[in-house]
Amino acid sequence: MENTEKKLIQFSGIKPTGALTLGSYLGAIKNWKSMVEEYESIFCVVDMHSITIRLNPAELRSNAIEQLAYYIAAGLDPEKCTLFIQSHVAAHAELAWVLNCYTMFGELSRMTQFKDKSAKHADNINAGLFTYPVLMAADILLYNTDIVPVGEDQKQHVEICRDIATRFNNIYGEVFKLPTPVLPKVGARIMSLSEPDKKMSKSDDETGCIILKDSDDVIMRKFKRAVTDSDMCVRYDPVEKKGIANLMSIYSSFSGKSFDEITREFEGQGYGTFKAAVGELTCDAIRPIREEANRLLKDKAYLEEIYSAGAAKAARMASRMVDKVYKKVGFVKKPRLF
Ligand code: TYM
């Protein structure tokens, strides 16, 4: 969508490394959706970021399409948002290269995610894993983005994006807008159900991670097995009662209720009742999304139409920024190639 109404711009993306999780839904997509009317909205399936780890190519392709279907099914209306696949817009790779030359080795070395991922994939610490935040900065800066709605783990990457943009602007003038990370009030860090001191993530163990594709039965079973404590009181204490605090965040995120209200609601009731209630609320919220995504996935031609139109719009906006940046750094104006 062109920025004709001069709305502020929100941009965000998710890696199609696996099925979407409850963490990415509550930490990101739900928040994106809440701001679609107010902001011009651009959402990306960031497949180029995904290949920093080794994935089966056929799986990556089908995950990307599936993720697009889930974006739409979750309420990101393609009439109101620009939805596209990152690798379809060459400007992302083009700007990333330029920004690589304005990003310092030291600052990339300090990125928490790089340190975690390189410990986890010690046999494949590739340069892409290291410069990952630079590609992410390119994603964001290409679109004059005002806000980047993300979960807590991505806040540091939006901050380095601001640092890179500031460094570039200090040399060449006001080329890039400085984006602000926006985290949801509740749900910015959903934890694993089986190990509540770890983030719920796609690479998590089976029992600790809810994926949006899970059936109601599977979701209920995972919540029933969620690790809690022996205190038997539904009370928000993210230090001493990590498991319960996490379940309360999920419940609060879906119901809009405060932690105090939840404590009152479940006073005198066992954890079993509370876990079942969180499970049911999650199932009720996710079921229609899953069903709609499955329906959309039967219509590949429609999905292709959406991502093609999205890429065309995104490419138009992004190429303007690439032209501007190329001129600033001193590249000869591109001839028309075809
Ligand atoms: P990714 O794919 O790991 O996660 C996608 C989004 O979901 C959020 N999230 C969570 N939030 C709360 N609790 C959790 N357990 C949880 N797990 C994931 C993440 O914070 C993120 O918002 N580098 C990014 C993708 C990216 C991007 C961008 C984002 C690439 N380019 C430009 C914003 C703007 C990533 O790996 O997210």
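The values are calculated or read from the model by the stated rules, or taken from the named source; none is laboratory data. All of these numbers come straight from a predicted model, not from anything done at the bench. Glycine also receives a Cβ, built like all others from the backbone with ideal geometry; neighbour counts cover every protein chain displayed. The area values use the complete protein model at the heavy-atom level, side chains included, leaving out ligands, DNA and RNA. Shrake-Rupley method; radii C 1.70, N 1.55, O 1.52, S 1.80 Å.
The table below lists the values:
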{"item": "Gaussian network model of the chain, Cα within-10 Å springs - most flexible of 23, 310, 128", "result": "128"}
{"item": "Per-residue HN-Hα couplings for the stretch 309-320 [Karplus 6.51, -1.76, 1.60; θ = phi - 60°; Hz; x = Gly/Pro]", "result": "5, x, 5, 5, 5, 4, 4, 4, 5, 5, 5, 4"}
{"item": "For the chain, accessible area per residue (1.4 Å probe, heavy atoms of protein chains only), Å²", "result": "48"}
{"item": "Estimated distance in nm for a label pair at residue 260 and residue 104, the labels positioned 7 Å out from Cα along Cα-to-Cβ", "result": "4.6"}
{"item": "Anisotropy class of the stretch 15-105 from Cα gyration tensor, a/c 1.5 cut", "result": "oblate"}
{"item": "Fraction of accessible area attributable to carbon and sulfur, the stretch 181-325 (%, probe 1.4 Å)", "result": "50"}
{"item": "Candidates 230, 252, 34: whichever shows maximal mean-square fluctuation once the chain is modelled as a Gaussian network with Cα springs under 10 Å", "result": "230"}
{"item": "Amide H partners (placed H, <5 Å) of residue 45, local residues excluded", "result": "84, 85, 86"}
{"item": "Heavy-atom accessible area ranking, 1.4 Å probe, most first, across 260, 146", "result": "260, 146"}
{"item": "Fraction of beta bridges assigned by DSSP in the chain that are antiparallel (%, nearest 5)", "result": "10"}
{"item": "Pairwise Lys count, the stretch 101-206 - Cα closer than 16 Å, eight or more residues apart or different chains", "result": "11"}
{"item": "Sites residue 185 and residue 121, calculated FRET efficiency, Cβ-Cβ separation with R0 35 Å, nearest 0.05", "result": "0.60"}
{"item": "Amide H partners (placed H, <5 Å) of residue 180, local residues excluded", "result": "147, 148"}
{"item": "Highest-fluctuation residue, 217, 284, 123 considered, GNM on the chain with Cα pairs under 10 Å", "result": "123"}
{"item": "Förster radius 35 Å - calculated FRET efficiency between residue 178 and residue 331 (Cβ-Cβ, nearest 0.05)", "result": "0.90"}
{"item": "Principal axis dimensions, largest first and in whole angstrom, of the chain by Cα", "result": "72, 45, 41"}
